[in-house]
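Undergrad: Take this structure first; my questions come after.
The values are calculated or read from the model by the stated rules, or taken from the named source; none is laboratory data. Computed from a predicted model, the values in this text were never measured in an experiment. For neighbour counting, all protein chains shown are included, and Cβ atoms are generated from backbone atoms with ideal geometry for every residue, glycine included. All accessible areas refer to the heavy atoms of the entire protein, side chains included, with ligands and DNA or RNA removed. Shrake-Rupley method; radii C 1.70, N 1.55, O 1.52, S 1.80 Å.
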Amino acid sequence: MPYANELRARIGLRPFEPNPALEVAARSHATFYSINGNDPRFAALGAHTEVPGLEGFTGTSPSDRCRAAGWRSGCAEVMDFVASPRAAIDGWMATTYHRAPLLEYARFAGYGRAAGPIAVDVMTFGGVNAVAADAPFLVWPYDGMTAVPTQFFGEIPDPLPPGTDRSAGIGYPITLHGVREPRFVSFTLLDEHGVAVPTVQGVDPAGRNWQQFPLRPLRSGVMYQVRTTVSNGGGPKPLAWTFTTATN
């Protein structure tokens, strides 16, 4: 939790407040997956689903497990498989769908892990901070960020459009977060020479345009500039910021 809150502080978000029920839900599912992850009755259903009757079962879905632990409203869940909170958070931040709950306006969170037989990390989120409807858009990588990774290594579910050419690799994703459904209206990524880097819009089931992927790995030690117009249902707003990639 401290590392997640450190990252949130960098973009002006309030820290997550630890919540015992969300912690129980996260820890119980980490234990369930660690025990049953290789069971064929479970493996085909996806990592976020539990099967009644298997050891450690507490609820079929994340919301079921949160309710069983005493949480009474909606919740979200992310998973990784390293049994290390810092490494898991770095892994989630290198994606888009799993990055989103770490950088949005949730108020509470809980983390759980299991070291074996399968290493598992689970983080569960719930509640919403009271923020103004016109609260600032949040972006990642944030303005002035350094040591930004250069490459995207994949995610389940896959956020890239079908048919995307991945032969040369995909660059580190750029995402937009906000109170209302934010979206990039226009988007340009420029390298240190002012040359536009080709990007593709990620797939979002809700039809929002909030994630962009460079169509090749970013180059190390380079300051990139983003020029974009964004919207959350109101008028479009121009934004520009820079970030610098990590050196090899």
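Undergrad: Right, Val226: within 19 Å of Leu102 (Cα to Cα) and modelled with pLDDT of 90 or more or not?
TA: Spelling it out, it is not the case that Val226 is within 19 Å of Leu102 (Cα to Cα) and modelled with pLDDT of 90 or more.
Undergrad: Which pairs do you get when a residue that is over 19 Å from Tyr172 (Cα atoms) and among the hydroxyl-bearing types (Ser, Thr, Tyr), found in the stretch 227-248, comes within reach of a residue that is open to solvent by less than 30 Å² (accessible area, probe 1.4 Å) and part of a strand (DSSP E or B), reach meaning Cβ atoms under 8 angstrom, with the pair 6+ apart or on two chains?
TA: Within 8 Å, the pairs are Thr229/Phe184.
Undergrad: Any residue that is among the small types (Gly, Ala, Ser) and either open to solvent by 20 Å² or more (accessible area, probe 1.4 Å) or free of Cβ contacts under 8 Å to residues at least 12 places away in the same chain (or both) - is there at least one of those in the stretch 14-22?
TA: no
Undergrad: A further question on this structure: State yes or no: is Ala76 under 18 Å from the mean Cα position of the chain (by Cα) and more than 30 Å from Ile170 (Cα to Cα)?
TA: No; evaluated as a whole, the condition is false for this residue.
Undergrad: How many of the residues making up the stretch 144-201 are closer than 22 Å to Leu13 by Cβ, small (Gly, Ala, Ser) and assigned to a loop (DSSP other than H, G, I, E, B)?
TA: Residues meeting the conditions: 2.
Undergrad: Still on this structure: When you check Gly126 against the structure, is it in a strand (DSSP E or B), in contact with a strand residue (DSSP E or B) (Cβ under 8 Å, 6 or more places away or on another chain) and buried (at least 21 other Cβ atoms within 10 Å of the Cβ), yes or no?
TA: The answer is yes for Gly126.
Undergrad: Turning to a different aspect of this structure: Does Val78 satisfy the criteria of being under 24 Å from Gly154 (Cα atoms), open to solvent by less than 10 Å² (accessible area, probe 1.4 Å) and of a type in the set (A, V, I, L, M, F, W, C)?
TA: For Val78, the condition - under 24 Å from Gly154 (Cα atoms), open to solvent by less than 10 Å² (accessible area, probe 1.4 Å) and of a type in the set (A, V, I, L, M, F, W, C) - is met.
Undergrad: Taking the conditions exactly as written (open to solvent by 40 Å² or more (accessible area, probe 1.4 Å) and within 24 Å of Tyr97 (Cβ to Cβ)), does Gln201 satisfy them or not?
TA: The answer is yes for Gln201.
Undergrad: Here is a list of conditions, (1) touching a Ser or Thr at 6+ places or on another chain (Cβ under 7 Å); (2) of a type in the set (Gly, Ala, Ser); (3) in contact (Cβ under 8 Å) with a residue 24 or more places away in the chain, and Ala206 meets all of them except one; can you say which number that is?
TA: Of everything listed in (1) touching a Ser or Thr at 6+ places or on another chain (Cβ under 7 Å); (2) of a type in the set (Gly, Ala, Ser); (3) in contact (Cβ under 8 Å) with a residue 24 or more places away in the chain, Ala206 misses just condition (1).
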